[in-house]
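The values are calculated or read from the model by the stated rules, or taken from the named source; none is laboratory data. Not measured: the values here are computed from a predicted model. Here Cβ is always computed from backbone atoms with ideal geometry, including for glycine, and neighbour counts include all displayed protein chains.
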Amino acid sequence: METKKWTVTLLSLLLLVLASFFGYTRITGFATYIYGNTTMNATVGAWVAITPSNTITAGISFGNINPGTNNNKALNDTTGPPSTNCTGYNISVDTSSNVNVDMFNDASGNLTSDGNTIRINNVTLEANQTQCGANVNMTSTSDGTIQLNITYLIIGNTSTTAGPCKSVPYTGGGGKCHIAYWLDVPSVQVAGTYNTSYEYCGVQEDTGSGNCG
Amino acid sequence: MMFMNKIILIITLIGFLLLMPKAYAGIGLFEGSVSLTALQTKTVCNLMIYSTIDGENLFHIGYGEEISKFVSKIEPNDFYLKTINCPSDGQQRRECITKLCQEGKDEYCRIICTTFTGPFELSLDPKSTSYNSGIRDIIKAGQATVVDALPFVIFYTPYDLKIILGFVIIIIIIIAAIIIVNKKRFKKKK
């Protein structure tokens with residue numbers, strides 16, 4: 001009988017020791033509150049919406065081009081004929097957005113046709129947030145022209161953190177990113193219809209291209 | 001006396017269980033983030049999808065690579081939406097979109113529910129780790145692919161290995177106690 005009593009006592013003690021060892025016990029003291037304070041906060045959710053122009057959703061087409069020609073401007077430009085220095089390709093920040101938007105673009109790969117390839121860096125582009133007009137020339141020879149890439153970069157730049165279509169405002173009816181495209185076709189290029197996928201991404205300002213995928 | 005001892009043992013065990021900390025953390029949900037513990041499942045309906053693009057377009061919802069392992073279900077997904085017809089003023093536009101969503105106008109707006117599940121991971125010192133990535137809606141509009149993205153964070157806490165060890169020790173102790181008691185009883189009978 002004595003042994004049993006000891007066994008139970010020892011087991012009980014062991015359990016309590018284990019409880020404190022694993023930090024399961026909490027000793028709470030007595031406290032008197034004279035005054036108290038707390039914080040008050042609210043998180044307002046972000047809204048982001050970008051809208052491409054109809055020329056973009058129709059697809060960026062360079063039409064029929066001869067091999068060995070450079071700076072062929074994209075067609076489907078509603079602002080003016082391909083010979084002008086304006087562009088109808090734009091992406092706007094919808095007024096439902098409540099944050100500024102960084103706009104990125106990339107291509108899924110080179111332009112291909114039946115195993116033949118036009119390298120993606122033969123596509124060049126220029127972008128700005130100013131409406132195409134008398135003071136803005138979007139030409140293939142202007143300083144802002146860059147080559148298209150297969151990773152998401154700020155539209156019109158080779159950076160993920162800066163560029164003409166970074167921080168496009170949601171205020172004032174929503175800002176716009178205007179884009180012009182050109183294509184160089186090597187002289188040895190085999191005839192065919194060359195395709196690739198082109199993607200746009202709008203993310204909350206300063207949250208990075210990683211969110212685009 | 002033997003009955004009393006058994007009661008003491010049971011009370012001690014119950015006391016031990018009550019003293020254990022809660023294994024599961026409370027809900028830590030706010031916009032753009034969710035808190036999860038191992039094996040915990042949480043469904044969050046915090047995403048509103050609407051279309052500002054002309055025509056009827058296909059929408060796909062996805063999560064970034066870093067957090068996709070926590071995503072077990074996105075409902076609904078791969079659906080068509082028509083262009084919203086709401087005032088252009090920002091505040092009024094958002095109110096109008098919210099109303100469309102809440103009224104269940106599925107052709108213009110969808111509320112997306114995502115079910116997250118915490119993977120089973122053990123740790124002796126479980127701490128919350130944040131996984132930062134994006135939640136995005138990918139729109140096939142004509143020939144173009146357009147992505148709207150927002151940052152999203154998952155705070156994940158692995159399972160506390162000490163709790164499992166604690167249970168194993170308790171079971172061993174109970175078995176040992178039963179064996180000891182039965183041995184004595186068997187000896188007595190002999």
For segment A:165-213, give me the residue count where each residue is at negative phi and either of a type outside the set (S, T, N, Q) or under 13 Å from the mean Cα position of the chain (by Cα) (or both).
34
Could you go through segment B:147-161 and let me know if any residue there is assigned to a helix (DSSP H, G or I), at pLDDT below 90 and within 12 Å of chain A (Cβ to nearest Cβ).
yes
Residues in segment A:40-59: is at least one farther than 30 Å from A:Thr171 by Cβ, at pLDDT 75 or above and over 25 Å from the mean Cα position of the chain (by Cα)?
no
Inter-residue pairs, beta-carbon under 6 Å, first among the aromatic types (Phe, Trp, Tyr) and in segment A:172-186, second crowded, with 21+ Cβ neighbours inside 10 Å, 6+ apart
A:Tyr181/A:Ala74; A:Tyr181/A:Leu125
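Taking segment A:160-208 only, how many residues are more than 9 Å from every other protein chain (Cβ to nearest Cβ) and either within 26 Å of B:Tyr131 (Cβ to Cβ) or part of a loop (DSSP other than H, G, I, E, B) (or both)?
Of the residues in that region, 23 qualify.
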Exactly one condition in (1) closer than 24 Å to A:Gly59 by Cβ; (2) within 14 Å of chain B (Cβ to nearest Cβ) is false for A:Gly156; which is it?
(2)
Tell me the residue from A:Asp102, A:Asp94 that is surrounded by 14 or more Cβ atoms within 10 Å (Cβ to Cβ), more than 8 Å from chain B (Cβ to nearest Cβ) and at pLDDT 90 or above, please.
A:Asp102
Residue hits (segment A:145-171; among the β-branched types (Val, Ile, Thr) and touching a residue at least 60 places away in the same chain (Cβ under 8 Å)) are A:Ile155, A:Val168
Are any residues in segment A:120-139 touching a Ser or Thr at 6+ places or on another chain (Cβ under 6 Å) and modelled with pLDDT of 70 or more, and if so, which ones?
A:Thr124, A:Glu126, A:Met138
Test A:Gly68 against the stated conditions and say whether it is modelled with pLDDT under 85, more than 14 Å from chain B (Cβ to nearest Cβ) and surrounded by fewer than 16 Cβ atoms within 10 Å (Cβ to Cβ).
no
